[in-house]
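The values are calculated or read from the model by the stated rules, or taken from the named source; none is laboratory data. Note that the structure is predicted; figures quoted are calculated from it, not measured. Neighbour counts are summed over all protein chains in view; Cβ atoms, including those assigned to glycine, are modelled from backbone coordinates with ideal geometry.
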Amino acid sequence: MGLKSMNDVVNSKRVFWVSPHRPVGFVELLGKREDVRLDMLENDNPLDMAAAVLSAAHAYQTSSTRQELARHYHTSTEFLRKVPNLLIVSTNGAGYDTVDVAACTERGILVVNQSGGNAESVAEHVLGMMLMLVKRVIECDRALRAGTLTGRAAYTGHEAYGKTIGIIGLGNVGRRVAELCGGLLRMQVLAYDPYLSAEEMRARGATKVELDDLLRRADFVSINCPLTDETRKMVGEREFALMQPTAFFMTTARGFIHDEAALEQALRNKKLAGAGLDVWEKEPPPADHPLMKFDNVIVSAHTAGVTREARTRMGRFAAEQMLDALDGKPVPRIINPQVWPDYAKRFQRTFGFIPQK
């Protein structure tokens, strides 16, 4: 399919997105503005077919999921050469895996995300995985369905009440996990986040510790930080070896933060009690993935934040933030704040006024 324009008139502010990666309600909200032109590209459109849209674009609303968006529409150095007037890149979710933030910053392009929009959904997913793991719900379910249950005592579990959870990344999701675990289950909450002070962590319901200390002490470890150069392969063979053999590992963040091969080895050697995995290096993971072979591993397909409520909320966040950015108003979820001086100059040259920080 070819590209499509959502408006017939040429307006002053040009925004494009790639189908089917459209936030809920985004087009409907922006479409009400006569000064905004929306263009839609198809995921299989080659860049040369989209040249007219790309060369004129001021803003790009992009998918945050690397394996769903066609590679040539990732915001890479090569892609940025095609969009000389681009001012704003906005991701559909909290992640920004498809965006080369450093390359955008170098070119004076503001990068924003929708962090917090799916925090409740993801935190509930963490809690659900934790309870199913410690209560051995999935193991018992499989045995019942297969007709191999020999007796209920074989699936004796534990209570989560009063145990220790270690949260890696105490942002929007991590903070909500801390609230749920500390409040509902009276758990001790430890957290590792080098960007927050001990006082800020206490306000979010957690005790600040270093990563190694967290891994040694926690009964449950939950990864809730973004994928960056700093966090890539942050949890590997060495880190899994620090964990207690009775502990459970959970991640709803991004693939590549933990080492899948190292996790498989730890589980195979019974160095961990189990794992809950929502994110993968390849998504969706193949059915024969080695981590799928363990009965004490719960899996989902990057669906922790995929709820109707979260999708609606994130779509509203994306639309409102995009309009505020184009109108030069302050925006709340900036990934690269250091770009502001260069971005503000480019914005002024394009629209004739200085944006508010």
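Any residue in the range 211-226 that is over 17 Å from residue 177 (Cα atoms), without any contact (Cβ under 8 Å) to a residue 12 or more places away in the chain, of a type outside the set (Asp, Glu) and surrounded by fewer than 16 Cβ atoms within 10 Å (Cβ to Cβ)?
Looking for residues that are over 17 Å from residue 177 (Cα atoms), without any contact (Cβ under 8 Å) to a residue 12 or more places away in the chain, of a type outside the set (Asp, Glu) and surrounded by fewer than 16 Cβ atoms within 10 Å (Cβ to Cβ), one finds none in the range 211-226, hence no.
Go over the candidates 119, 94 one by one and state the one that is at pLDDT 95 or above and either touching a His at 6+ places or on another chain (Cβ under 8 Å) or not basic (Lys, Arg) (or both). Give the derivation first.
Working: 94 fails: at pLDDT 95 or above.
So the residue among 119, 94 that is at pLDDT 95 or above and either touching a His at 6+ places or on another chain (Cβ under 8 Å) or not basic (Lys, Arg) (or both) is 119.
Which residue is surrounded by the most Cβ atoms within 10 Å (Cβ to Cβ), if the candidates are limited to the range 261-307 and must be at positive phi and in a loop (DSSP other than H, G, I, E, B)?
Per the criteria, the residue is 302.
So, residue 182, is that one surrounded by 14 or more Cβ atoms within 10 Å (Cβ to Cβ) and either touching a Lys or Arg at 6+ places or on another chain (Cβ under 9 Å) or part of a loop (DSSP other than H, G, I, E, B) (or both) or not? Show your work before the answer.
Details: surrounded by 14 or more Cβ atoms within 10 Å (Cβ to Cβ): yes; either touching a Lys or Arg at 6+ places or on another chain (Cβ under 9 Å) or part of a loop (DSSP other than H, G, I, E, B) (or both): no.
Spelling it out, it is not the case that residue 182 is surrounded by 14 or more Cβ atoms within 10 Å (Cβ to Cβ) and either touching a Lys or Arg at 6+ places or on another chain (Cβ under 9 Å) or part of a loop (DSSP other than H, G, I, E, B) (or both).
So is residue 127 in the same structural domain as residue 250 (by TED's automatic domain parsing), farther than 23 Å from residue 331 by Cβ and either surrounded by fewer than 17 Cβ atoms within 10 Å (Cβ to Cβ) or among the hydroxyl-bearing types (Ser, Thr, Tyr) (or both) or not?
Working: in the same structural domain as residue 250 (by TED's automatic domain parsing): yes; farther than 23 Å from residue 331 by Cβ: yes; either surrounded by fewer than 17 Cβ atoms within 10 Å (Cβ to Cβ) or among the hydroxyl-bearing types (Ser, Thr, Tyr) (or both): no.
No, not satisfied.
Would you check which residues across the range 6-19 are polar (S, T, N, Q), at pLDDT 50 or above and touching a Lys or Arg at 6+ places or on another chain (Cβ under 7 Å) and list them?
Restricting attention to the range 6-19, the residues satisfying the condition of being polar (S, T, N, Q) are 7, 11-12, 19.
Filter once more, keeping what is at pLDDT 50 or above: 11-12, 19.
Scanning the range 6-19 gives a single hit, 11.
In the set 80, 3, which member is modelled with pLDDT of 95 or more, more than 28 Å from residue 305 (Cα to Cα) and buried (at least 17 other Cβ atoms within 10 Å of the Cβ)?
Values: 3 fails: modelled with pLDDT of 95 or more.
Answer to the selection: 80.
Which condition number does residue 223 fail, the rest of (1) more than 16 Å from residue 125 (Cβ to Cβ); (2) under 24 Å from the mean Cα position of the chain (by Cα); (3) aliphatic (A, V, I, L, M) being met?
Unmet for residue 223, out of (1) more than 16 Å from residue 125 (Cβ to Cβ); (2) under 24 Å from the mean Cα position of the chain (by Cα); (3) aliphatic (A, V, I, L, M): (1).
The rows are residues; the columns are (1) of a type in the set (A, V, I, L, M); (2) buried (at least 18 other Cβ atoms within 10 Å of the Cβ).
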{"site": "84", "(1), (2)": "no, no"}
{"site": "90", "(1), (2)": "no, yes"}
{"site": "97", "(1), (2)": "no, yes"}
{"site": "110", "(1), (2)": "yes, yes"}
{"site": "116", "(1), (2)": "no, yes"}
{"site": "122", "(1), (2)": "yes, yes"}
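Report the residue count in the range 332-357 for those that are within 21 Å of residue 34 (Cα to Cα) and either polar (S, T, N, Q) or part of a loop (DSSP other than H, G, I, E, B) (or both).
5
Just to be sure, is residue 201 part of a helix (DSSP H, G or I), in the same structural domain as residue 159 (by TED's automatic domain parsing) and among the hydrophobic types (A, V, I, L, M, F, W, C)?
On the way: part of a helix (DSSP H, G or I): yes; in the same structural domain as residue 159 (by TED's automatic domain parsing): yes; among the hydrophobic types (A, V, I, L, M, F, W, C): yes.
Against the criterion (part of a helix (DSSP H, G or I), in the same structural domain as residue 159 (by TED's automatic domain parsing) and among the hydrophobic types (A, V, I, L, M, F, W, C)), residue 201 qualifies.
What are the pairs, 6+ residues apart or on separate chains, where a residue within the range 112-124 that is on the phi < 0 side of the Ramachandran plot has its Cβ under 8 Å from a residue that is among the hydroxyl-bearing types (Ser, Thr, Tyr) and surrounded by fewer than 21 Cβ atoms within 10 Å (Cβ to Cβ)?
118/307; 121/307
Looking only at the range 54-72, decide whether some residue is among the hydrophobic types (A, V, I, L, M, F, W, C), farther than 30 Å from residue 341 by Cβ and in contact with a helix residue (DSSP H, G or I) (Cβ under 6 Å, 6 or more places away or on another chain).
Restricting attention to the range 54-72, the residues satisfying the condition of being among the hydrophobic types (A, V, I, L, M, F, W, C) are 54, 56-57, 59, 69-70.
Filter once more, so that each one left must be farther than 30 Å from residue 341 by Cβ: 70.
Now drop any that are not in contact with a helix residue (DSSP H, G or I) (Cβ under 6 Å, 6 or more places away or on another chain), which leaves none.
No, every residue in the range 54-72 fails to be among the hydrophobic types (A, V, I, L, M, F, W, C), farther than 30 Å from residue 341 by Cβ and in contact with a helix residue (DSSP H, G or I) (Cβ under 6 Å, 6 or more places away or on another chain).
Which residue pairs have Cβ atoms closer than 7 Å, lie 6 or more positions apart in sequence or on different chains, and pair a first residue in the range 241-267 that is touching a residue at least 24 places away in the same chain (Cβ under 8 Å) with a second residue that is among the hydroxyl-bearing types (Ser, Thr, Tyr)?
Between residues of the range 241-267 that are touching a residue at least 24 places away in the same chain (Cβ under 8 Å) and residues that are among the hydroxyl-bearing types (Ser, Thr, Tyr), the close pairs are 250/222; 257/231; 257/251; 258/251.
Could you list, in sequence order, the residues of the range 24-76 that are touching a strand residue (DSSP E or B) at 6+ places or on another chain (Cβ under 8 Å), outside any loop (DSSP other than H, G, I, E, B) and among the aliphatic types (A, V, I, L, M)?
Once the filter is applied, which keeps residues that are touching a strand residue (DSSP E or B) at 6+ places or on another chain (Cβ under 8 Å), outside any loop (DSSP other than H, G, I, E, B) and among the aliphatic types (A, V, I, L, M), the range 24-76 yields 27, 30, 36, 38, 40, 41, 53, 54, 56, 59.
Within the range 188-197, is even one residue under 29 Å from residue 313 (Cα atoms) and in contact with a Cys (Cβ under 8 Å, 6 or more places away or on another chain)?
yes
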